[in-house]
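This report concerns only the one structure given below.
The values are calculated or read from the model by the stated rules, or taken from the named source; none is laboratory data. Just so we're clear, the structure is a prediction, and the values are computed from it rather than from any experiment. FYI the Cβ positions are ideal-geometry reconstructions off the backbone, even for glycines, and counts take in every protein chain you see. Remember, those area values only see protein heavy atoms, side chains included, never the ligands or the DNA or RNA. Shrake-Rupley method; radii C 1.70, N 1.55, O 1.52, S 1.80 Å.
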Amino acid sequence: MTEVVVVDACQRQGRGGSPTAVLDEASYTDEERCRIPAELGTSHAVFIRATGVERGRPSYSLRFFTTEGELPACGHGTVAALALLAIRNGGSTFHAVLSTKSRTFEGWAIRTRDSSVDTPHRTDHRPPQPGSVTARFDPGPITLRAAHASELKAITTSLGLDGEGRLRGRRQASEVVASNACVASNGRPRLLLPVRSRAALANLSPDFDLLRATCDRYGLLGCYAYSIPDRHGRAAARMFAPSIGVPEDIANANSTACLAAHLTRSDTTHLTRSDTARPKRPGTNHLTRPDTSHLTVDTSHLTVDTSHLTVDTSHLIVDTSHLIVDTSHLIVDMGEHLGNPSTITATIDATHPDHPVRVGGQATIARTVLHHP
């Protein structure tokens, strides 16, 4: 018997999220690994193995599986793994070095103070679960290219749109697809497809057999369709990936990281930016600047990445009159169509020439089960 922890990753205000099976590495066959998501009702399974210490931090290797096979990366699976590792660690903050078959990267997590937060409206009388964890990680280098006309037309057709980007069968429907579609990759390429509104996004009706054949033909992981971000940097998205056994994903953090990189580099975004000391440069993104004269810190602890300093902010007053912050935020809602609301947040460091991205979300443990491999 094997203990499997199901983590709801990338929740929205403590609700929903993508159920993800997380378990310690053992002598499973790949066939056994692929069976676990289907048997536990999750889209993905993550296998963790402790590998010692690296860069002065605990280190772990991660492997990701769906029913179709192994993936080189999984964003919400990484969030789920970090959440479980942080809870096992027991501290309020957690910082680890993670590795996959292709790269090594860092992950961070912050736990809530209350370690016994119960899930509201619970009816199965399970004992209280550990509190929520906010996790984020470095998604790695992201490459971008413009979408070719042939692959764009084939993908949009498989999503129920006609050759002009309109919803098929609706004479009065306005054009759904916006310009600036691209193919992005931080391990496997996927199409980022902009649509003009959340309503248009909700009306997409994929033919999953056709979409799978199309993605296989063009070597794509899938299609990440997203609404144009509003002035607060908030968007909605749906990720279709039938080629890996996930017709529609509840949460897709790696695609959100790809979108953040795309919007930052293409100057077509409405990301929320905190920048109190620098004037907007000509040609830069259309970014909103919230009033930062009063700073509210929304966590009980503030973790500063580079200095490893944890500050108790419960009584902290910060004078921001001379504070230079140049960070953009993208917040993406997913999962409504599947009844599991999720939210992923990406942060872009605009002070660095490469605009590095950090992506993550909130997670809680949903249940622990004993499973027969």
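What accessible area per residue, rounded to a whole number of Å², is obtained for the stretch 25-90 using a probe radius of 1.4 Å? Provide the component values of the computation, followed by the final result.
On the way: 2630 Å² over 66 residues.
Averaged over the residues of the stretch 25-90, the accessible area is 40 Å².
Within the assembled protein chains, the solvent-accessible surface assigned to GLU106 is about 50 Å², based on a 1.4 Å probe.
What you get for the stretch 1-77, charging only the Cβ of Lys and Arg (+1) and of Asp and Glu (-1), is a dipole of about 440 debye around the Cα centre.
Loop-located trypsin sites (Lys or Arg not before Pro) in the stretch 172-233 (DSSP state other than H, G, I, E, B) with a sparse environment of at most 14 neighbouring Cβ atoms within 10 Å: ARG231.
Taking 0.36 nm per residue of sequence separation and subtracting the Cα-Cα distance, how much length would be gained by fully extending the chain between ALA199 and SER99, in nm to one decimal?
Extra length from ALA199 to SER99 when fully extended: 32.1 nm.
In the full protein context, the stretch 209-264 carries 27 Å² of accessible surface per residue, based on a 1.4 Å probe and ignoring ligands, DNA and RNA.
Note on SER27: accessible area is roughly 120 Å² with a 1.4 Å probe, heavy atoms of protein only.
Counted by Cβ distance under 12 Å from ALA83, the other residues give a net charge of +2, where Lys and Arg count +1 and Asp and Glu count -1. Would you tally the net charge around PHE208, using a Cβ to Cβ cut-off of less than 14 Å, leaving PHE208 out, and scoring K and R as +1, D and E as -1? Net charge in that neighbourhood comes out at -4. Summarising the amide proton neighbourhood of GLY233: residues at separation of 5 or more, or on other chains, whose placed amide H is nearer than 5 Å comprise THR272.
Spin-label pair GLU25-ASN89: with each label point 7 Å from Cα along the Cα-Cβ axis, the two points sit 1.9 nm from one another. With Cα atoms as the point set, the radius of gyration and Dmax of the stretch 1-105 evaluate to 13.3, 38 Å.
Here the Karplus curve 6.51 cos²θ - 1.76 cosθ + 1.60, taken at θ = phi - 60°, turns the phi angles of the stretch 179-184 into couplings of 7, 6, 5, 8, 10, 10 Hz, with x standing for Gly and Pro.
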